[in-house]
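Read the structure below first, then the notes.
What follows draws every value from the coordinates through simple rules; no lab data is involved. Computed from a predicted model, the values in this text were never measured in an experiment. Cβ coordinates were reconstructed from backbone atoms using ideal geometry, including for glycine residues, and neighbour counts include every protein chain displayed.
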Amino acid sequence: MKLEKGQVAVVTGAVSGIGFALAEALCARGVSVVLADVEATALETAQTSLNARGFVVHAHACDVADAAAVDGLADAVLARFVVNVSSLAGLTAPPFLGPYVASKHAVVGLSESLAAELALIRSAIRVSVVCPGHVQSRIAESERNRPAAFAAASKTPADMLARIRAGFEQALGEPMPAPALAERVLAGIEADDFLILTHADLNGQVRARLASIERAARKAA
Ligand SMILES: NC(=O)c1ccc[n+]([C@@H]2O[C@H](COP(=O)([O-])OP(=O)(O)OC[C@H]3O[C@@H](n4cnc5c(N)ncnc54)[C@H](O)[C@@H]3O)[C@@H](O)[C@H]2O)c1
């Protein structure tokens, strides 16, 4: 799908990290962008700063955990292409990340199933799923958006948390700047790639998982 002026893109989680970098990269291609985010004040700031740079940007406050709010967002915009953000953890299963791994594998599976369904009905809507490694963002401060209903304190001791975080940083290497990640995602969209991998240095982890599935398949044959 060629990205060009006249198209409209909706970016959720748009005021920080990967989402904001994607919004900027889309704006630079002339695409009109709808910024959607749960952080209302940051949303206004992001819209103002992009509008001030001459970009056509609209803002839509939306909590993606609220189905009615997401329906409202969808009604406001007619989508022709869907990009879901999974993670390398959607194709591999690192330790100490159980809930994150489960949700990211779900994003890959849902995207694959959705793409197959849309193809079956010959829909014009295309789907991609991006599985990045480490990217510069505020992901380590995600607690800021934890809903009050799930406000329970972490039961993991602080020293254990620090060791886990250090382990991740060592395993994942230097974070990629978010604008570089955004360019890779847009290149994947323009190439109509379903699965967009962005961190060549981490491909070994994906191949190791494929190899273990291949070994199991050979045993079953
Ligand atoms: N940063 C990484 O290393 C990395 C790697 C792989 C995948 N990812 C994925 O990328 C995505 C974006 O994360 P990021 O790294 O840019 O983090 P970030 O914290 O910088 O940005 C997340 C954005 O999502 C918004 N948000 C949070 N909850 C929301 C909700 N309920 N409804 C609407 N908006 C909400 C936040 O306000 C923020 O703008 C996440 O799905 C993350 O799992 C990140």
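Figures for the structure shown
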read-out: 15 Å Cα-Cα reach of K104 towards aspartates and glutamates, excluding residues that sit fewer than 8 places from it in its own chain; value: E112
read-out: Net length gained if the chain between K2 and A140 were fully extended (0.36 nm per residue, minus Cα distance); value: 46.3 nm
read-out: Extension gain, V206 back to F194 (0.36 nm per residue minus Cα-Cα distance, nm); value: 2.7 nm
read-out: Summed residue charge, Cβ within 12 Å of E190's Cβ, Lys/Arg positive, Asp/Glu negative; value: 0
read-out: Net length gained if the chain between Q170 and A151 were fully extended (0.36 nm per residue, minus Cα distance); value: 3.9 nm
read-out: Residue exposure sequence - C62, C27 - by fewest surrounding Cβ within 10 Å; value: C27, C62
read-out: Net charge, D63 excluded, C-beta distance under 11 Å - Lys, Arg +1, Asp, Glu -1; value: -3
read-out: Sorted largest first, extent of the chain alpha carbons per principal axis (Å); value: 53, 46, 33
read-out: Net +/- balance of residues flanking E143 in space, Cβ distance below 15 Å, scoring K and R +1, D and E -1; value: +3
read-out: Neighbour count of at most 15 Cβ within 10 Å plus DSSP loop: longest chymotrypsin sites (Phe, Trp or Tyr not before Pro)-free window in the chain; value: 97-193
read-out: Helix-only CD estimate at 222 nm, as mean residue ellipticity for the chain, using -39500 (n - 2.57) per DSSP H run (n ≥ 4); value: -15500 deg cm²/dmol
read-out: Gaussian network model of the chain, Cα within-10 Å springs - most flexible of R122, R207, R184; value: R122
read-out: Lys/Arg +1, Asp/Glu -1 at C-beta; segment 1-95 dipole; positive extreme among L73, V15, V31; value: V31
read-out: Dipole of the chain, positive end: most advanced residue of L210, P99, A191 [Cβ charges, Cα centre]; value: L210
